[in-house]
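Right, one structure below, let's go through it.
The values are calculated or read from the model by the stated rules, or taken from the named source; none is laboratory data. Remember, predicted model here, so these are calculated numbers, not experimental data. Here Cβ is always computed from backbone atoms with ideal geometry, including for glycine, and neighbour counts include all displayed protein chains. Quick note on the areas: whole protein, heavy atoms, side chains included, nothing else; ligands and nucleic acids left out. Shrake-Rupley method; radii C 1.70, N 1.55, O 1.52, S 1.80 Å.
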Amino acid sequence: QVQLVESGGGLVQAGGSLRLSCAASGRTFSNYAMGWFRQAPGKERAFVAAISWNGGNTYYADSVKGRFTISRADANTVYLQMNSLKPEDTAVYYCAARVYTTAQTMGASKPDYWGQGTQVTVSS
């Protein structure tokens, strides 16, 4: 059974940092791009960042570029380092994976797998 499990969410003040982790299990994700999406209350789920299957390429939404960094420890472990957090970053953050997809197209693709989400709340 394939699972993506996020962790690391929480409450932080504006300007602070959080590091999200995504641990995938049930198969090897060596051919999968992996990424992060987020959904704020009353809004649709939106792309945040993605990383290629080998970690060599990354891609970010304009709203987080320069503040967030996605990285990949191995085929099944992905991180999202979030710095200079803003109240508008408040959302449930989801890890996702899609086979044979580039980091650049992850945001426009329908992932094959989703995690259950982790809440990030940034207070002003």
Next on the checklist: Condition (residue is among the polar types (S, T, N, Q) and on the phi > 0 side of the Ramachandran plot) applied to the range 71-83: is it met by at least one residue?
Outcome noted: no
Checklist outcome for this item: Those residues of the range 46-64 which are surrounded by 11 or more Cβ atoms within 10 Å (Cβ to Cβ) and over 26 Å from Thr28 (Cβ atoms) amount to Ala46, Ala61, Ser63, Val64
Next on the checklist: Kindly evaluate Gln104 against the criterion of being of a type in the set (S, T, N, Q), free of Cβ contacts under 8 Å to residues at least 60 places away in the same chain and more than 18 Å from Ala24 (Cβ to Cβ).
Outcome noted: yes
Checklist entry - Ser63 fails exactly one of the following numbered conditions: (1) more than 18 Å from Tyr113 (Cα to Cα); (2) in contact with a Phe, Trp or Tyr (Cβ under 9 Å, 6 or more places away or on another chain); (3) not in a strand (DSSP E or B). What is the number of that condition? => result (2)
Next on the checklist: Pull out all pairs, ordered by first then second residue, where Cβ-Cβ is under 6 Å, the residues are six or more apart or on different chains, the first lies in the range 39-57 and is over 20 Å from Tyr93 (Cβ atoms) and in contact (Cβ under 8 Å) with a residue 60 or more places away in the chain, and the second is open to solvent by 90 Å² or more (accessible area, probe 1.4 Å) and not in a loop (DSSP other than H, G, I, E, B).
Outcome noted: none
Next on the checklist: Can you tell me which of (1) open to solvent by less than 60 Å² (accessible area, probe 1.4 Å); (2) of a type outside the set (Gly, Ala, Ser); (3) under 15 Å from the mean Cα position of the chain (by Cα); (4) over 13 Å from Gln119 (Cα atoms) is the one Val99 doesn't meet?
Outcome noted: (3)
Checklist entry - Can you pull out the residues in the range 6-36 that are within 19 Å of Thr101 (Cβ to Cβ) and touching a residue at least 60 places away in the same chain (Cβ under 8 Å)? => result Cys22, Ala24, Phe29, Asn31, Tyr32, Ala33, Met34, Gly35, Trp36
Checklist entry - Are any residues in the range 55-70 touching a strand residue (DSSP E or B) at 6+ places or on another chain (Cβ under 8 Å) and closer than 15 Å to Met106 by Cβ, and if so, which ones? => result Gly55, Asn57, Thr58, Tyr59, Tyr60, Ala61, Val64, Phe68, Ile70
Checklist entry - modelled with pLDDT under 95, at negative phi, open to solvent by less than 50 Å² (accessible area, probe 1.4 Å) and of a type outside the set (D, E, K, R), is that true of Gly107? => result yes
Next on the checklist: Whether any residue in the range 87-96 is within 22 Å of Gly16 (Cα to Cα), within 11 Å of the chain's Cα centre (by Cα), part of a strand (DSSP E or B) and not aromatic (Phe, Trp, Tyr) is what I want to check.
Outcome noted: yes
Item to check | When residues of the range 1-45 are limited to those that are in a loop (DSSP other than H, G, I, E, B) and β-branched (Val, Ile, Thr), the one farthest from Tyr79 (Cα to Cα) | outcome: Val2
